[in-house]
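S.K.: Quick one: structure below, then a few questions.
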Amino acid sequence: MSDRFDCQNCNESLYGRKYIQVEGEPHCIPCYDRLHANTCQECKEVIGHNAKELAYEDRFYHEHCFRCLRCERSLADESFTSQDGGLVCSDCYCSEFSSKCAACDKTVMPGSRMLEYDGSTWHEDCFVCGGCEKSIGAEAFIPDQGSYYCVPCYEGRFAPQCSHCKKALTKGGVTYKDEVWHKECFLCTGCKAPLAGQPFTSQGDSPYCVKCFSSLYAKKCAGCNTAITGFGDGKYVSFEDRQWHQPCFKCTRCSVSLVGSGFFPDRDQILCTDCNSDE
């Protein structure tokens, strides 16, 4: 008597019948399809033993069900991605979800080299300088009225030039008499000390620090014999060929302030009304 060869599930004889091994155990075709075949993610039907099966991320499909959610083209030999649980071909994904290049208006494909700035997207090769038209790539650039420039082009075309060194002034700086300087180039005409952030005055068109202006051009106060610079207690009084700081303009005898009051000159002296009456 020969050994029996039966289906592991229904115990029907498998002699002369097709069968499928599952973990070493034979199953007839109906039992295999019922117990072990996968269900298609798309149509929810069993993927029978004789159907071609495709899988993606633990999901299974009939070959004819493995298609784009948007255009329904077969994805069996196409690149695709997953969107909201469905499969979408690359063309549909790019058309619906990818950005357009601001320069050439073509799709910027996912994973391609690109540049994003101020809400717009470019292919890396399309993001070029508005001056020399060379690709800016990852280099520094300066936006100006809807165009983008590499630093050399912007400096050469638009940036103001320092009145001292004639090089481009791209940030900060000092403006004086309608001209601009780099902070480090704005110097005292006398001692060459930096004037940015410091009090200074001018003689003609030349700027001077307080010390140089005082020693070279400032008039002397007839009261204290120091320079009248116009800084600090800068107001002064002038009479004939003499000048005084306001605090120094006082009676030579009693030291009362003469600012806004009548006074009397007496050779090198200036006297208040009372002191002049005592004579």
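S.K.: Looking at the range 114-147, which of the residues that are in contact with a Gly (Cβ under 9 Å, 6 or more places away or on another chain) and touching a residue at least 24 places away in the same chain (Cβ under 8 Å) is surrounded by the fewest Cβ atoms within 10 Å (Cβ to Cβ)?
M.R.: 131
S.K.: Which of the residues spanning the range 74-108 are aliphatic (A, V, I, L, M) and loosely packed, with under 14 Cβ neighbours inside 10 Å?
M.R.: Taking the range 74-108 first, the residues aliphatic (A, V, I, L, M) are 75-76, 87-88, 102-103, 108.
Within the range 74-108, just 76 meets the criteria.
S.K.: Let me ask something else. Pairs only if they're at least six apart or on different chains, beta carbon under 7 angstrom, first in the range 9-27 and assigned to a strand (DSSP E or B), second of a type in the set (Ser, Thr, Tyr); list them, first residue then second.
M.R.: So the pair list comes out as 20/32; 22/32; 26/19; 27/19.
S.K.: Condition first: outside any strand (DSSP E or B) and closer than 13 Å to residue 222 by Cα. Now tell me which residues in the range 243-266 satisfy that.
M.R.: Scanning the range 243-266 gives 246, 247, 248, 249, 251, 252.
S.K.: Still on this structure, I have one more. Of everything in the range 218-250 that's modelled with pLDDT of 80 or more, crowded, with 17+ Cβ neighbours inside 10 Å and touching a helix residue (DSSP H, G or I) at 6+ places or on another chain (Cβ under 7 Å), which residue is farthest from residue 263 (Cα to Cα)?
M.R.: For the range 218-250, the residue satisfying everything is 221.
S.K.: Pick from the range 28-41 the residues that are assigned to a loop (DSSP other than H, G, I, E, B) and surrounded by fewer than 17 Cβ atoms within 10 Å (Cβ to Cβ): which of them is modelled with the highest pLDDT?
M.R.: 38
S.K.: Could you go through the range 88-98 and let me know if any residue there is over 30 Å from residue 41 (Cα atoms) and assigned to a loop (DSSP other than H, G, I, E, B).
M.R.: Of the residues in the range 88-98, the ones over 30 Å from residue 41 (Cα atoms) are none.
No, the range 88-98 has no match at all.
S.K.: Looking only at the range 237-261, which residues are in contact with a strand residue (DSSP E or B) (Cβ under 7 Å, 6 or more places away or on another chain) and among the hydroxyl-bearing types (Ser, Thr, Tyr)?
M.R.: 252, 257 - these are the residues of the range 237-261 that are in contact with a strand residue (DSSP E or B) (Cβ under 7 Å, 6 or more places away or on another chain) and among the hydroxyl-bearing types (Ser, Thr, Tyr).
The values are calculated or read from the model by the stated rules, or taken from the named source; none is laboratory data. Quick caveat, the model's predicted, so the values are computed rather than measured. Positions of Cβ are backbone-derived with ideal geometry, glycine not excepted, and every protein chain shown enters the neighbour counts.
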